[in-house]
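Trainee: This is the structure I want to talk about, given as structure tokens.
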Amino acid sequence: MTRPKRERTTVKRVFRATTLAAALLAAATGLSGCRTSPGAAAIVGSDRISTAALQDEVTRALADPQARSSLGDRTSFTRTELGRLINNSIIESAAARRHITATSAEIDTQLNEFAQQAGGLPQLQQQAASSGIPKSELRDFIRHYVLEQKIGDALVANLPVSRQDLKSAYQQNIDRYDVVHSAHILVDSKALADRILAKVRADPSQFAALAARYSTDTGSKASGGDLGTQPKSQFVPEFADPVFKAKAGSFIEVHSQFGWHVVHIISHTKTPLSKVSDELKATVLQNSHDQLLGQALTAESKRIGVHVNPRYGRWDPAQGTVVALPASRGVSSPSPAPSGGAEPATPAG
């Protein structure tokens, strides 16, 4: 099943937040303290995050040179990584209670969308790695992202959206729904434009050759005057208005501040509101989506309980992250012991 798209969250923003739940759990009141079992970094509901598993995650993440330079010292990144793992457990619990799953197809769709935004899969993988998400864990990261978005989708599914709100959203996003593919020949005089227009109407196959010969637009003449597929906002009004009103396949003459244009309207694609209502509803409900998702994850963290080993810090309800305890508390560093040495003892609760 394909979910309606909303305003896209940028790849960098997603990785910068590590997971959206880290931001949305800012109002959480999850518990912290020493109610952890020996060797546990945290207990989230019935999930146990072991110190060994946490340190393995940190080591894999910091194996990337860019990650080492951008993520800070190992101690602070360990807390960040523990916060991500805690958030993942909360998301899993909230999704399971609502019988929500993330299919392989849904994960693939989101992965491809992020890859497109990043400029390709290798670029996405590098952005993720430099943000502490190794290539081997990228798919799981995206799975949790899809799960939390689907939780939010379920929460707003039955919220009403007025027809007027949909129309307003449609107009605000009209560049996505109304585009023209055109080509033009730009000249300095109306007399020359008239002659060229007569020629291309008589024989459309001449258009590219005439563009190469006469057009003063150096950016498009070599490609037959092709301007690509563009929304109305990409052109000056005196050009855009007549072009978007003209019939697809026609040739027209337009005067603008740049000169006289002989324009071929190759195609005009306009997606009606009726076909994008679900997408627009998601856009209109974006704020409600994020707010209700945050509330749901907050409630889930309260319900199952979050207990962080004080060796690593505490669960901060103001940030939804693990933060260091004051030095006066005298807890040990979350960094592992030197290679070959014994791991520091875990405080017992």
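Trainee: Which one of Val236, Val276, Val254 is farther than 30 Å from Ser89 by Cα and touching a Ser or Thr at 6+ places or on another chain (Cβ under 6 Å)?
Mentor: Details: Val276 fails: touching a Ser or Thr at 6+ places or on another chain (Cβ under 6 Å); Val254 fails: touching a Ser or Thr at 6+ places or on another chain (Cβ under 6 Å).
None of the others qualify; the one that does is Val236.
Trainee: Somewhere in region 77-95, is a residue free of Cβ contacts under 8 Å to residues at least 12 places away in the same chain, of a type outside the set (D, E, K, R) and assigned to a helix (DSSP H, G or I)? Walk me through how you get there before you give the answer.
Mentor: Start the filter on region 77-95 by keeping residues that are free of Cβ contacts under 8 Å to residues at least 12 places away in the same chain, which leaves none.
Among the residues of region 77-95, not one is free of Cβ contacts under 8 Å to residues at least 12 places away in the same chain, of a type outside the set (D, E, K, R) and assigned to a helix (DSSP H, G or I), which makes the answer no.
Trainee: Name every residue in region 228-243 that is assigned to a helix (DSSP H, G or I), among the small types (Gly, Ala, Ser) and within 26 Å of the chain's Cα centre (by Cα), in order of residue number.
Mentor: Ser233
Trainee: If we only count strands (runs of 3 or more DSSP E) wholly inside region 244-349, which ones have 1 or more residues that are modelled with pLDDT under 85?
Mentor: On the way: elements: 251-256, 259-270, 306-308, 314-316, 321-323.
Ranges flagged: 314-316, 321-323.
Trainee: Tell me, which residue of region 59-91 that is among the hydrophobic types (A, V, I, L, M, F, W, C) and surrounded by 23 or more Cβ atoms within 10 Å (Cβ to Cβ) is nearest to the chain's Cα centre (by Cα)? Step through it out loud before you land on a result.
Mentor: Step one: list which residues in region 59-91 are among the hydrophobic types (A, V, I, L, M, F, W, C), which gives 61-63, 67, 71, 77, 82, 85-86, 90-91.
Next, from what is left, pick out any that are surrounded by 23 or more Cβ atoms within 10 Å (Cβ to Cβ): 61, 82, 86, 90-91.
Numbers: Ala61: 21, Leu82: 23, Ile86: 22, Ile90: 21, Ile91: 18 Å.
The qualifying residue nearest to the chain's Cα centre (by Cα) is Ile91.
Trainee: Can you confirm whether region 153-176 contains a residue that is in contact with a strand residue (DSSP E or B) (Cβ under 8 Å, 6 or more places away or on another chain) and of a type outside the set (A, V, I, L, M, F, W, C)? Walk me through it before giving the result.
Mentor: Initial filter on region 153-176 (in contact with a strand residue (DSSP E or B) (Cβ under 8 Å, 6 or more places away or on another chain)): 174-176.
Filter again for of a type outside the set (A, V, I, L, M, F, W, C), leaving 175-176.
Within region 153-176, one or more residues are in contact with a strand residue (DSSP E or B) (Cβ under 8 Å, 6 or more places away or on another chain) and of a type outside the set (A, V, I, L, M, F, W, C).
Trainee: Out of the residues in region 175-213 that are part of a loop (DSSP other than H, G, I, E, B) and among the acidic types (Asp, Glu), which is farthest from Gln257 (Cα to Cα)?
Mentor: Asp203
Trainee: Just the residues that are touching a helix residue (DSSP H, G or I) at 6+ places or on another chain (Cβ under 6 Å) and either among the hydrophobic types (A, V, I, L, M, F, W, C) or crowded, with 18+ Cβ neighbours inside 10 Å (or both), please, taken from region 217-231.
Mentor: Those that are touching a helix residue (DSSP H, G or I) at 6+ places or on another chain (Cβ under 6 Å) and either among the hydrophobic types (A, V, I, L, M, F, W, C) or crowded, with 18+ Cβ neighbours inside 10 Å (or both): Lys221, Gly225.
Trainee: Condition check: modelled with pLDDT under 95 and of a type in the set (Val, Ile, Thr). Does Thr101 satisfy that? Let's see the steps before the verdict.
Mentor: Working: modelled with pLDDT under 95: no; of a type in the set (Val, Ile, Thr): yes.
When the stated conditions are applied, Thr101 does not pass them.
Trainee: Quick check on region 174-189: of everything there that is surrounded by 12 or more Cβ atoms within 10 Å (Cβ to Cβ) and in contact with a Phe, Trp or Tyr (Cβ under 8 Å, 6 or more places away or on another chain), which residue is farthest from Ile266 (Cα to Cα)? Give the derivation first.
Mentor: Narrowing region 174-189 to residues surrounded by 12 or more Cβ atoms within 10 Å (Cβ to Cβ): 174-188.
Now drop any that are not in contact with a Phe, Trp or Tyr (Cβ under 8 Å, 6 or more places away or on another chain), which leaves 177-178, 180, 183, 185-188.
On the way: Tyr177: 17, Asp178: 14, Val180: 8, Ala183: 7, Ile185: 14, Leu186: 17, Val187: 20, Asp188: 23 Å.
Applying the filter and picking the extreme gives Asp188.
Trainee: A further question on this structure: Within region 112-161, can you find the residues that are more than 15 Å from the chain's Cα centre (by Cα), small (Gly, Ala, Ser), surrounded by fewer than 16 Cβ atoms within 10 Å (Cβ to Cβ) and part of a loop (DSSP other than H, G, I, E, B)?
Mentor: Passing the criteria: only Ala157.
The values are calculated or read from the model by the stated rules, or taken from the named source; none is laboratory data. Every value quoted in this text rests on a predicted model; they were computed, and no experiment measured them. Neighbour counts are summed over all protein chains in view; Cβ atoms, including those assigned to glycine, are modelled from backbone coordinates with ideal geometry.
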